[in-house]
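Structure first, commentary second.
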Amino acid sequence: MLQILHVDRSELFRKVMQEIILRCGHSVKSVATKQEALAYIAQQSVDLIITAMEFNDGDAESFILDLPQASKKDIPVVVVTSNDSLELRERLFSLGVVDYILKSEVNEDHFKHFFATLSAEDELSRFMRDMRVAILDDSPIILKVVHRILDMNGFRFADFYVTPRELLESGKAYDLYLVDMVLPELTGDKVIMDIRVHQPNSIIIGMSQFTGEKSITTLLMAGADDYIHKPFDAASLISRIKINVRSYQYKKRLELMAVTDGLTGLYNHRFIFERLEEETAKVARYGRLLSIIMLDIDNFKQVNDTFGHRAGDEVILSVAHAIMASLRKTDVAGRYGGEEFLVLLPETDLKAAHIVAEKIRNTVALLQFETKDLAVTISAGVAEAEKGESFEALINRADAKLYTAKRNGKNRVES
């Protein structure tokens, strides 16, 4: 629940706003004058200020300038006014105002959406709040505004830079970059080009006071994903970020779908082979250790014939979970095909790999299923890579060990 201070000389409008804020589930203190507001802020914790442009004892501009004397906390300010002009908006945003709302647009739905954005707990909002964000702008005012907007929306990890050198020499990697186009030392497009070379998957949004097609084209050609015109309000910036983060998530999901098996979530046949080829190359080049495990569900055709294909899918999924539960973060597992699985164990010798395979076998043997009388076991073959050996030869050796396990009675590991 937000603690909101509303400042307006109109008693009627204070009552209207109070009802809206309370119905939205937040706490509100309404005052009529600048001095009352400053006195309240000095004594009480406030999360958000909603203020009119003019009071009987001052105006919003003088009120905002006096805020630091009343509270050490950097409180975001939203201005509600009947007047509108580009000059007024620019003047207010230069003071650090995070949003600007016309009185004609004030209604419960508008503020419900506004407050919901601040306290949103959907997947996208939670993802955004955990993103690492870098903001580069030589204007202290813009940095202050962005800081307030991000803080108000729950972003946890944000760093602010005044010069390109500070950012580029920081050695830090970020998920999201907000970069001004006009900077000392380097232009924004040059900075974006440098970031894009080192961070090809990050989101980059350019910020510019210029709206000409040429400047926007320059920015996008440099590698930016999007741009936003300054001055901007909280809604505009957060919307831009959300649009780009949503696209970023979709791209990541598509990339994941291309390399994973639809049923188990393990890597698919093509990708696990590519990883195996990479790991065997490390063995050949650096003499690194590598062992692999080939696993197969015993009597799987009988499972399908007796209990049906739905039960068969349940078995495959449960075995996949058992495999993943037995591995380290550095290990890689994939569905080799049908009821077969392939596990790559970097930096692992044959003896240690055999122990891992036994752990998986024991875990699978203890699995319980919703289908009555259903129980499964697996057989496994383990092989350690030899220097200079091709990945095909390594697979063949593990496969041969797997078939030895099958011939020797199943539900066993051979190495």
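Each reported figure results from applying straightforward, stated rules to the coordinates on display, with no laboratory input. This structure is a prediction, so every number in the text was calculated from the model and none was measured. With ideal geometry, Cβ positions are generated from the backbone for all residues, glycine too; neighbour counts draw on all protein chains shown.
Of note:
- Sequence-ordered 3J(HN,Hα) estimates for region 308-314 from the Karplus curve with 6.51, -1.76 and 1.60 and θ = phi - 60° stand at x, 6, 5, 5, x, 5, 4 Hz, glycine and proline given as x.
- Burial order of peptide ranges 151-159, 255-263, 219-227 (average beta-carbon count within 10 Å, highest first): 219-227, 151-159, 255-263
- On Cα atoms only, tilt of 350-365 relative to the major axis of the chain in degrees: 80 degrees
- Under-5 Å amide H pairs with ILE101, H placed in peptide plane, nonlocal only: VAL79, VAL80, THR81
- The alpha-carbon of LYS230 sits under 24 angstrom from the alpha-carbons of these lysines, leaving out residues fewer than 8 places away in its chain: LYS103, LYS144, LYS190, LYS214, LYS242.
- ³J(HN,Hα) computed for each position of region 336-344 - Karplus, 6.51 cos²θ - 1.76 cosθ + 1.60, integer Hz, glycine/proline x: 6, x, x, 9, 9, 10, 10, 10, 9
- Acute angle (nearest 10 degrees) that the helix 213-222 long axis makes with the longest principal axis of the chain, alpha-carbon atoms: 30 degrees
- For the chain, the square roots of the Cα gyration tensor eigenvalues, ordered a ≥ b ≥ c, give a/c of at least 1.5 with a/b greater than b/c, which places it in the prolate category.
- Put simply, the amide H of MET207, placed in the peptide plane, has neighbours under 5 Å in VAL179, ASP180, MET181, ILE228, leaving out anything fewer than 5 places away on its chain.
- Between 0 and 90 degrees, the angle of helix 234-259 with respect to the longest Cα principal axis of the chain falls at about 10 degrees.
- Segment GLU358-LYS282, length gained on full extension (0.36 nm per residue, minus Cα span): 24.8 nm
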